[in-house]
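Participant: Structure provided below as C-alpha coordinates; questions to follow.
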Amino acid sequence: MLEYSASPELLKDKVILVTGAGDGIGKEAACQFAAHGATVILLGRTVKKLEAVYDAIVAAGGPEPAIVPLDAKGATEQNYMDLADTIEEQFGRLDGLLHNAAVLGALSPFEQLGKEMFDEVMQVNVTAQFMMTKALLPVIKKAPHGSIVFTSSGVGRKGRAFWGAYAISKFATEGMMETLADELDGSSVRANCINPGATRTSMRATAFPAEDPQTLRTAAELMPTYLYLMGDDSLAVNGQSLDAQPKR
(Lines give C-alpha, C1' and ligand atoms only; values in the text may rest on other atoms or scores of the structure.)
Protein backbone atom coordinates (compact mmCIF):
# COMPACT_ATOMS: atom_id res chain seq x y z
CA MET A 1 0.00 0.00 0.00
CA LEU A 2 2.99 2.34 0.10
CA GLU A 3 2.27 3.39 -3.49
CA TYR A 4 -1.20 4.80 -2.72
CA SER A 5 -1.41 8.55 -3.18
CA ALA A 6 -4.24 10.33 -1.35
CA SER A 7 -5.87 13.41 -2.83
CA PRO A 8 -5.37 16.54 -0.68
CA GLU A 9 -9.08 16.68 0.22
CA LEU A 10 -9.59 12.93 0.67
CA LEU A 11 -10.99 13.37 4.20
CA LYS A 12 -12.55 16.82 3.84
CA ASP A 13 -15.37 17.35 6.37
CA LYS A 14 -14.94 13.87 7.89
CA VAL A 15 -14.85 13.39 11.67
CA ILE A 16 -12.32 10.76 12.74
CA LEU A 17 -11.44 9.48 16.21
CA VAL A 18 -7.91 8.22 16.79
CA THR A 19 -6.97 6.30 19.94
CA GLY A 20 -3.41 6.45 21.20
CA ALA A 21 -3.13 9.78 19.41
CA GLY A 22 -0.42 11.17 21.67
CA ASP A 23 2.60 9.65 19.96
CA GLY A 24 3.90 7.13 17.43
CA ILE A 25 1.59 5.92 14.68
CA GLY A 26 -1.49 7.44 16.32
CA LYS A 27 0.05 10.92 16.37
CA GLU A 28 1.17 10.65 12.75
CA ALA A 29 -2.22 9.33 11.63
CA ALA A 30 -4.04 12.14 13.42
CA CYS A 31 -1.81 14.76 11.78
CA GLN A 32 -2.18 13.18 8.34
CA PHE A 33 -5.95 12.84 8.65
CA ALA A 34 -6.15 16.52 9.59
CA ALA A 35 -3.82 17.49 6.73
CA HIS A 36 -6.28 15.82 4.36
CA GLY A 37 -9.25 17.73 5.74
CA ALA A 38 -10.58 15.73 8.68
CA THR A 39 -11.63 17.03 12.06
CA VAL A 40 -9.77 14.67 14.36
CA ILE A 41 -10.79 13.61 17.86
CA LEU A 42 -7.56 12.93 19.74
CA LEU A 43 -8.03 10.25 22.39
CA GLY A 44 -5.29 9.14 24.76
CA ARG A 45 -4.27 8.97 28.38
CA THR A 46 -1.66 11.78 28.51
CA VAL A 47 -3.14 15.25 28.14
CA LYS A 48 0.22 16.94 27.55
CA LYS A 49 0.94 14.71 24.55
CA LEU A 50 -2.54 15.24 23.12
CA GLU A 51 -2.15 18.99 23.50
CA ALA A 52 1.13 18.85 21.56
CA VAL A 53 -0.59 17.01 18.70
CA TYR A 54 -3.46 19.51 18.85
CA ASP A 55 -0.98 22.39 18.55
CA ALA A 56 0.82 20.72 15.64
CA ILE A 57 -2.42 20.24 13.71
CA VAL A 58 -3.56 23.83 14.28
CA ALA A 59 -0.11 25.21 13.40
CA ALA A 60 -0.22 23.25 10.12
CA GLY A 61 -3.55 24.84 9.25
CA GLY A 62 -5.71 21.78 9.82
CA PRO A 63 -9.26 21.82 11.17
CA GLU A 64 -9.34 22.38 14.93
CA PRO A 65 -9.24 18.97 16.61
CA ALA A 66 -10.89 17.84 19.84
CA ILE A 67 -9.13 16.27 22.83
CA VAL A 68 -10.53 13.37 24.87
CA PRO A 69 -8.33 12.23 27.76
CA LEU A 70 -9.20 8.58 28.49
CA ASP A 71 -7.21 5.68 29.87
CA ALA A 72 -8.34 2.39 28.34
CA LYS A 73 -7.07 0.50 31.39
CA GLY A 74 -9.75 1.95 33.64
CA ALA A 75 -12.46 3.19 31.29
CA THR A 76 -15.92 1.72 31.76
CA GLU A 77 -18.71 0.95 29.33
CA GLN A 78 -20.47 4.10 30.56
CA ASN A 79 -17.40 6.19 29.69
CA TYR A 80 -17.65 5.02 26.09
CA MET A 81 -21.41 5.57 25.97
CA ASP A 82 -20.84 9.12 27.24
CA LEU A 83 -18.16 9.58 24.56
CA ALA A 84 -20.62 8.48 21.87
CA ASP A 85 -23.25 10.91 23.17
CA THR A 86 -20.76 13.78 23.17
CA ILE A 87 -19.60 13.06 19.61
CA GLU A 88 -23.18 12.86 18.35
CA GLU A 89 -24.07 16.08 20.12
CA GLN A 90 -21.06 18.02 18.83
CA PHE A 91 -20.60 16.54 15.36
CA GLY A 92 -23.78 14.63 14.53
CA ARG A 93 -21.87 11.58 13.34
CA LEU A 94 -18.50 9.83 13.32
CA ASP A 95 -16.98 8.99 9.93
CA GLY A 96 -13.94 7.06 11.07
CA LEU A 97 -12.48 5.25 14.06
CA LEU A 98 -8.83 4.21 14.24
CA HIS A 99 -8.09 1.76 17.03
CA ASN A 100 -4.38 2.40 17.50
CA ALA A 101 -3.83 2.36 21.28
CA ALA A 102 -2.24 -0.84 22.61
CA VAL A 103 0.14 -2.11 25.25
CA LEU A 104 2.89 -4.66 24.71
CA GLY A 105 2.94 -6.38 28.07
CA ALA A 106 5.87 -8.64 28.90
CA LEU A 107 7.60 -10.82 26.34
CA SER A 108 8.23 -14.07 28.18
CA PRO A 109 7.70 -17.85 28.04
CA PHE A 110 4.03 -18.83 28.21
CA GLU A 111 4.39 -20.61 31.55
CA GLN A 112 5.80 -17.44 33.10
CA LEU A 113 3.03 -15.09 31.94
CA GLY A 114 1.47 -13.29 34.89
CA LYS A 115 -2.31 -13.09 35.02
CA GLU A 116 -2.28 -9.43 36.07
CA MET A 117 -0.18 -8.48 33.05
CA PHE A 118 -2.26 -10.73 30.77
CA ASP A 119 -5.47 -9.10 31.99
CA GLU A 120 -4.08 -5.60 31.39
CA VAL A 121 -3.05 -6.41 27.83
CA MET A 122 -6.43 -7.95 27.06
CA GLN A 123 -8.24 -5.02 28.70
CA VAL A 124 -6.46 -2.37 26.63
CA ASN A 125 -6.00 -4.26 23.37
CA VAL A 126 -9.30 -6.15 23.21
CA THR A 127 -11.97 -5.34 25.82
CA ALA A 128 -11.62 -1.55 25.55
CA GLN A 129 -11.83 -1.75 21.75
CA PHE A 130 -14.95 -3.92 22.00
CA MET A 131 -16.65 -1.50 24.41
CA MET A 132 -15.68 1.56 22.39
CA THR A 133 -16.74 0.09 19.04
CA LYS A 134 -20.06 -1.11 20.44
CA ALA A 135 -20.81 2.32 21.92
CA LEU A 136 -19.76 4.25 18.82
CA LEU A 137 -21.42 2.09 16.17
CA PRO A 138 -24.74 3.96 16.24
CA VAL A 139 -22.88 7.25 15.70
CA ILE A 140 -20.73 5.77 12.92
CA LYS A 141 -23.87 4.47 11.20
CA LYS A 142 -25.05 8.08 10.90
CA ALA A 143 -22.12 8.81 8.56
CA PRO A 144 -22.60 8.38 4.79
CA HIS A 145 -19.62 6.01 4.74
CA GLY A 146 -18.19 4.83 8.07
CA SER A 147 -14.78 3.21 8.47
CA ILE A 148 -13.52 1.29 11.50
CA VAL A 149 -9.84 0.41 11.41
CA PHE A 150 -8.23 -1.94 13.92
CA THR A 151 -4.47 -2.34 14.39
CA SER A 152 -3.17 -5.86 13.98
CA SER A 153 0.32 -7.38 13.97
CA GLY A 154 2.28 -10.12 12.28
CA VAL A 155 2.08 -12.04 15.56
CA GLY A 156 -1.71 -11.75 15.39
CA ARG A 157 -1.72 -13.88 12.25
CA LYS A 158 0.99 -16.39 13.09
CA GLY A 159 1.82 -16.97 16.73
CA ARG A 160 5.42 -16.51 17.76
CA ALA A 161 7.26 -17.84 20.80
CA PHE A 162 7.43 -15.49 23.81
CA TRP A 163 4.97 -12.94 22.41
CA GLY A 164 2.32 -14.25 24.82
CA ALA A 165 -0.47 -11.87 25.75
CA TYR A 166 0.26 -9.38 22.97
CA ALA A 167 0.04 -12.02 20.23
CA ILE A 168 -3.12 -13.48 21.74
CA SER A 169 -4.68 -10.01 21.90
CA LYS A 170 -3.91 -9.37 18.25
CA PHE A 171 -5.45 -12.70 17.19
CA ALA A 172 -8.52 -11.52 19.10
CA THR A 173 -8.38 -8.18 17.30
CA GLU A 174 -8.36 -9.90 13.91
CA GLY A 175 -11.32 -12.03 15.00
CA MET A 176 -13.24 -9.02 16.30
CA MET A 177 -12.71 -7.19 13.02
CA GLU A 178 -13.78 -10.18 10.89
CA THR A 179 -16.90 -10.78 13.01
CA LEU A 180 -17.88 -7.12 12.86
CA ALA A 181 -17.14 -6.82 9.14
CA ASP A 182 -19.34 -9.82 8.36
CA GLU A 183 -22.21 -8.26 10.30
CA LEU A 184 -21.68 -4.91 8.56
CA ASP A 185 -21.45 -6.42 5.07
CA GLY A 186 -23.75 -4.51 2.75
CA SER A 187 -24.17 -1.59 5.16
CA SER A 188 -22.69 1.92 5.07
CA VAL A 189 -19.96 0.93 7.55
CA ARG A 190 -16.87 -1.17 6.89
CA ALA A 191 -14.27 -2.68 9.23
CA ASN A 192 -10.69 -3.63 8.43
CA CYS A 193 -7.29 -4.19 10.03
CA ILE A 194 -3.90 -2.69 9.36
CA ASN A 195 -0.69 -4.51 10.20
CA PRO A 196 1.84 -1.65 10.41
CA GLY A 197 4.84 -4.02 10.44
CA ALA A 198 8.21 -3.12 11.92
CA THR A 199 8.04 0.62 12.59
CA ARG A 200 10.27 3.14 14.34
CA THR A 201 8.18 3.47 17.52
CA SER A 202 8.81 3.26 21.25
CA MET A 203 6.86 -0.01 21.47
CA ARG A 204 9.07 -1.57 18.83
CA ALA A 205 12.17 -0.35 20.69
CA THR A 206 10.89 -2.02 23.86
CA ALA A 207 10.31 -5.31 22.07
CA PHE A 208 13.63 -5.20 20.17
CA PRO A 209 16.08 -3.15 22.27
CA ALA A 210 19.12 -4.25 20.25
CA GLU A 211 17.60 -3.28 16.89
CA ASP A 212 18.86 -0.23 15.02
CA PRO A 213 15.77 1.99 14.65
CA GLN A 214 17.30 3.65 11.61
CA THR A 215 16.73 0.41 9.67
CA LEU A 216 12.96 0.72 10.20
CA ARG A 217 10.34 2.73 8.36
CA THR A 218 8.92 5.74 10.16
CA ALA A 219 5.24 6.10 11.03
CA ALA A 220 4.96 8.77 8.32
CA GLU A 221 6.00 6.27 5.66
CA LEU A 222 3.08 3.98 6.58
CA MET A 223 0.37 6.58 6.20
CA PRO A 224 -0.79 5.68 2.65
CA THR A 225 -2.59 2.60 4.01
CA TYR A 226 -4.18 4.54 6.86
CA LEU A 227 -5.40 7.27 4.52
CA TYR A 228 -6.68 4.69 2.05
CA LEU A 229 -8.83 2.86 4.59
CA MET A 230 -10.23 6.10 6.06
CA GLY A 231 -11.08 7.63 2.70
CA ASP A 232 -13.81 6.79 0.23
CA ASP A 233 -11.37 5.11 -2.17
CA SER A 234 -11.75 2.00 0.02
CA LEU A 235 -15.55 1.85 0.12
CA ALA A 236 -15.54 -1.67 -1.35
CA VAL A 237 -12.95 -2.97 1.15
CA ASN A 238 -14.44 -4.76 4.15
CA GLY A 239 -13.15 -7.55 6.39
CA GLN A 240 -9.58 -7.27 5.13
CA SER A 241 -6.28 -7.20 7.01
CA LEU A 242 -3.87 -5.03 5.05
CA ASP A 243 -0.11 -4.73 5.39
CA ALA A 244 1.11 -1.14 5.61
CA GLN A 245 4.50 -2.10 4.21
CA PRO A 246 5.98 -4.96 2.19
CA LYS A 247 7.04 -8.05 4.09
CA ARG A 248 10.75 -8.17 4.84
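The values are calculated or read from the model by the stated rules, or taken from the named source; none is laboratory data. Source: prediction; values computed, not measured. Methodologically, a virtual Cβ is constructed for each residue, glycine included, from the backbone with ideal geometry; neighbour enumeration extends over all protein chains shown. The accessibility values were calculated without ligands, DNA or RNA, using every heavy atom of the protein model including side chains. Shrake-Rupley method; radii C 1.70, N 1.55, O 1.52, S 1.80 Å.
Participant: For the chain, what % of the accessible area comes from carbon and sulfur atoms, probe 1.4 Å?
Facilitator: Values: 5980 of 11470 Å².
Carbon plus sulfur share of accessible area: 52 percent.
Participant: I need the peptides 33-41, 140-148, 60-68 ranked by packing, meaning the mean over residues of other C-beta atoms within 10 angstrom, with the highest value on top. It would help to have the intermediate numbers written out before the result.
Facilitator: Numbers: 33-41: 24.1, 140-148: 19.7, 60-68: 16.2.
The most tightly packed comes first, giving 33-41, 140-148, 60-68.
Participant: Please work out the average accessible area per residue across the range 1-160, using the 1.4 Å probe convention, and give it in Å². Don't skip to the end; give the middle numbers.
Facilitator: On the way: 7410 Å² over 160 residues.
Here the per-residue accessible area is 46 Å².
Participant: Rank these by accessible area, largest first, 1.4 Å probe: 160, 217, 190. Intermediate values should be presented prior to the final figure.
Facilitator: Working: 160 125, 217 80, 190 10 Å².
Putting 160, 217, 190 in descending order of accessible area: 160, 217, 190.
Participant: Once every DSSP H run of n ≥ 4 in the chain is given -39500 (n - 2.57) and the sum is divided by its residues, what mean residue ellipticity at 222 nm do you get, rounded to the nearest 500 deg cm²/dmol?
Facilitator: Values: 8 runs with 96 residues, N = 248.
Only helices count here, giving -12000 deg cm²/dmol.
Participant: Would you please classify the overall shape of the range 72-118 from the alpha carbon gyration tensor, given that a ≥ b ≥ c denote the square roots of the eigenvalues, rounded means a/c under 1.5, and beyond that prolate means a/b larger than b/c while oblate covers the rest? Before the final figure, lay out the partial values.
Facilitator: Values: a/c = 6.01, a/b = 2.65, b/c = 2.27.
Prolate, because a/c is 1.5 or more and a/b exceeds b/c.
Participant: Under the definition of Cα pairs under 8 Å and six or more residues apart, what whole-number percent is the relative contact order of the chain? Can you show the working numbers first?
Facilitator: On the way: 495 pairs, mean separation 51.4, N = 248.
Taking the mean separation of contacting Cα pairs over the length of the chain, I get 21 percent.
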